[in-house]
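See below for the structure under consideration.
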Amino acid sequence: MKEKSVFLEREGYTPKNKVLDFLMVVQEFDYSLKEIAKFSNVSYPRIKQLKKELVKDKWITLTRKVGKAQMYKLNLKNKKVQKFVDFYWAVVNEEVEKELGIKNKAKIH
């Protein structure tokens, strides 16, 4: 059984959110489109469509090519992505604090 993402439960299980959620968790590594599709549970044709949008808006960046596969990762140099990272962890922290009944606003991550 797959673990549920706190971020996805709160913000919605859209294909884009699923991809960004996966890439947030594994941001140090790069993945092929097939791997991103598999691990984010989004169809490969939808990943190919999303890739165009995410590359154009500089949310993901091509890191290298391995044979025919192109490897991508979250573009942490992009200011929008940096703000998304902050938002992502704020959502996760808020939900964890609510679940644990934590009153103070100490950062968890």
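The values are calculated or read from the model by the stated rules, or taken from the named source; none is laboratory data. Not measured: the values here are computed from a predicted model. Please note: Cβ atoms are built from the backbone with ideal geometry, for glycine as well, and neighbour counts cover all protein chains shown. Keep in mind that these areas ignore ligands, DNA and RNA; they rest on the heavy atoms of the full protein, side chains included. Shrake-Rupley method; radii C 1.70, N 1.55, O 1.52, S 1.80 Å.
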Checklist line | Dipole-positive endmost among VAL25, PHE39, PHE7 within segment 1-57 (Cβ charges, Cα centre) | finding: PHE39
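Count neighbours as other Cβ atoms within 10 Å of each site's Cβ, and list the trypsin sites (Lys or Arg not before Pro) in segment 1-78 that are DSSP loop with at most 13 such neighbours. Walk me through the intermediate numbers first.
On the way: sites: LYS2, LYS4, ARG10, LYS16, LYS18, LYS34, LYS38, ARG46, LYS48, LYS51, LYS52, LYS56, LYS58, ARG64, LYS65, LYS68, LYS73, LYS77; in loops: LYS2, LYS4, LYS58, LYS68, LYS77.
Answer in residue order: LYS2, LYS4, LYS58, LYS68, LYS77.
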Checklist line | Interchain or long-range residues, amide H under 5 Å from GLN70's placed H | finding: LEU33
Next item on the list: Quick one: pull the percent of accessible area on segment 41-83 belonging to carbon and sulfur, 1.4 Å probe, ligands and nucleic acids left out.
Entry: 52 percent
Checklist line | Coil-residue GluC sites (Glu not before Pro) of segment 1-108, DSSP, other Cβ within 10 Å capped at 12 | finding: GLU3, GLU28
Checklist line | Calculated FRET efficiency for the pair LYS4/GLU94, C-beta based, R₀ 22 Å, to 0.05 | finding: 0.85
Checklist line | Rounded to whole Hz, the Karplus (6.51, -1.76, 1.60) HN-Hα couplings of segment 42-51, x for glycine and proline | finding: 10, 5, 4, x, 5, 4, 4, 5, 4, 4
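Quick one: compute the contact order of segment 33-103, relative version, from alpha carbon pairs under 8 angstrom and 6+ residues apart, as a percent.
Details: 48 pairs, mean separation 13.0, N = 71.
Relative contact order for segment 33-103 comes out at 18 percent.
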Check: How far apart, in nm, are two points set 7 Å out from the Cα along the Cα-to-Cβ line at THR14 and at ARG46?
Finding: 1.2 nm
Item checked: Accessible solvent surface per residue of the chain, calculated while the other protein chains remain in place, 1.4 angstrom probe, Å² -> 70 Å²
Check: Between LYS68 and VAL25, what FRET efficiency comes out of the Förster formula 1/(1 + (r/R0)^6) with R0 = 25 Å and r the beta carbon distance, rounded to 0.05?
Finding: 0.45
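For a Förster distance of 30 Å, can you work out the FRET efficiency between the beta-carbons of LYS38 and ASN78, rounded to the nearest 0.05?
On the way: r = 25 Å, r/R0 = 0.82.
Result of the calculation: an efficiency of 0.75.
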Check: In degrees between 0 and 90, to the nearest 10, how far off the longest principal axis of the chain does helix 79-100 point, with axes built from Cα atoms?
Finding: 40 degrees
Check: If you wrap a convex hull around the Cα atoms of the chain, how much volume per residue is inside, in Å³?
Finding: 110 Å³
